[in-house]
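What follows is a set of notes on a single structure, which appears directly below.
The values are calculated or read from the model by the stated rules, or taken from the named source; none is laboratory data. Here the structure is a predicted model, which is why all the values come from computation and not from measurement. Virtual Cβ from ideal backbone geometry, glycine too; neighbours counted across all protein chains shown.
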Ligand SMILES: NC(=O)c1ccc[n+]([C@@H]2O[C@H](COP(=O)([O-])OP(=O)(O)OC[C@H]3O[C@@H](n4cnc5c(N)ncnc54)[C@H](O)[C@@H]3O)[C@@H](O)[C@H]2O)c1
């Protein structure tokens, strides 16, 4: 198998997720390329101990410029706080490396546009992280929608819900402050996840009306004091999208304060002749609404483990977060090799910019309490 040498910038939560996926790459059947993790950069050197379990890593550094100067590194996976996206991504591109960039692809719309422009002017292959569409359920929803079974589309709902912030004693981190997470707050954290499938299906919002909520304004700072928590906790973005000449309601929900939810990603698309829904709350279950004569009902199907890229895992099993994350990485490397074929691809820089246009309009909509036209 051809090898591609990879460096990670930002070895925290997501850096380790990526490293773990590379480490079990052999789970993929007949995959054309093998990523080999050779370099890690993080300011927090205590993370290096964990990464020392990976024998292929030969470079540990606290300077990402040193990692980028390593001629062996071909692809960078960057998972750093949002305030660093623009500079780090631009430097990766300038160094001539390929990049899988974590969302939201810049702290705001201006940053996302600058990164996208730099990608366009470069030869770097760049994609933005968004893994949930790679689960079997979303893949089935996408396939059914593309088959045209829905009739006229009545409504679209794409949502991502978390509950952990309900605990007001949870210490602050960079994701809860505008200076590091961005003014878009929860939309920066969860928004690309709800935007990817609708945008890929061509559902670009024409208008936006947003309701944004800040529920917890202060949190423990982890040092015995308190710190200002100034990001949006929850956002509901009501969009209208033109589908076959009809203005159709589409809702994007991103909630950090959603009681009982851990990492619940939802897609629901309802039409006049059929409808589909999927939620990670029931990770293997695909719901399809059907009409027969005067009867209408929801049909529930267990999909099992039917992945985009075939694996050794039996089709009777259930998929989870590490699986879809690995499938997304596989899509990145397959597309980079020109071998994606008609399989679902990672979010593009253009899709990331489009998502930012919606989040930016959502900020304006909330501020002025009006509908914003894109
Ligand atoms: N795809 C997903 O499902 C998903 C989930 C969570 C987070 N994310 C995204 O991943 C990115 C990182 O989030 P995280 O949860 O891993 O955060 P994290 O805080 O766990 O990790 C970020 C790491 O970056 C390091 N870092 C900070 N400044 C640095 C610098 N100058 N050079 C090198 N390293 C530096 C920090 O020390 C930390 O270890 C964000 O863009 C976030 O939105 C994606």
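At-a-glance table
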| item | result |
| --- | --- |
| Unmet criterion (only one of (1) surrounded by fewer than 20 Cβ atoms within 10 Å (Cβ to Cβ); (2) touching a strand residue (DSSP E or B) at 6+ places or on another chain (Cβ under 7 Å); (3) closer than 25 Å to residue 235 by Cα) for residue 357 | (2) |
| In region 185-226, the residues that are surrounded by 15 or more Cβ atoms within 10 Å (Cβ to Cβ), out of contact with any strand residue (DSSP E or B) (no Cβ under 8 Å at 6 or more places or on another chain) and part of a loop (DSSP other than H, G, I, E, B) | 201, 216 |
| Residue 305 being touching a residue at least 24 places away in the same chain (Cβ under 8 Å), touching a strand residue (DSSP E or B) at 6+ places or on another chain (Cβ under 9 Å), in a loop (DSSP other than H, G, I, E, B) and over 30 Å from residue 179 (Cα atoms) | yes |
| Check on residue 291, more than 30 Å from residue 216 (Cβ to Cβ) and either in contact (Cβ under 8 Å) with a residue 24 or more places away in the chain or surrounded by 18 or more Cβ atoms within 10 Å (Cβ to Cβ) (or both) | no |
| Flag if residue 120 is closer than 20 Å to residue 355 by Cβ, away from the ligand (no atom under 16 Å from the Cβ) and in contact with a helix residue (DSSP H, G or I) (Cβ under 7 Å, 6 or more places away or on another chain) | no |
| Residue satisfying all of: in region 1-32; in contact with a helix residue (DSSP H, G or I) (Cβ under 8 Å, 6 or more places away or on another chain) and over 30 Å from residue 43 (Cα atoms); surrounded by the most Cβ atoms within 10 Å (Cβ to Cβ) among these | 28 |
| Answer from 239, 181, 229 - the residue that is modelled with pLDDT of 95 or more, touching a helix residue (DSSP H, G or I) at 6+ places or on another chain (Cβ under 6 Å) and surrounded by 15 or more Cβ atoms within 10 Å (Cβ to Cβ) | 181 |
| Test: residue 151 is away from the ligand (no atom under 12 Å from the Cβ) and at positive phi | yes |
| Qualifying residue in region 325-332 (condition: crowded, with 18+ Cβ neighbours inside 10 Å, touching a helix residue (DSSP H, G or I) at 6+ places or on another chain (Cβ under 6 Å), in the same structural domain as residue 287 (by TED's automatic domain parsing) and modelled with pLDDT of 95 or more) | no |
| Helices (runs of 4 or more DSSP H) lying entirely in region 1-117 (those with 1 or more residues that are more than 16 Å from the ligand (Cβ to nearest atom)) | 13-23, 85-94 |
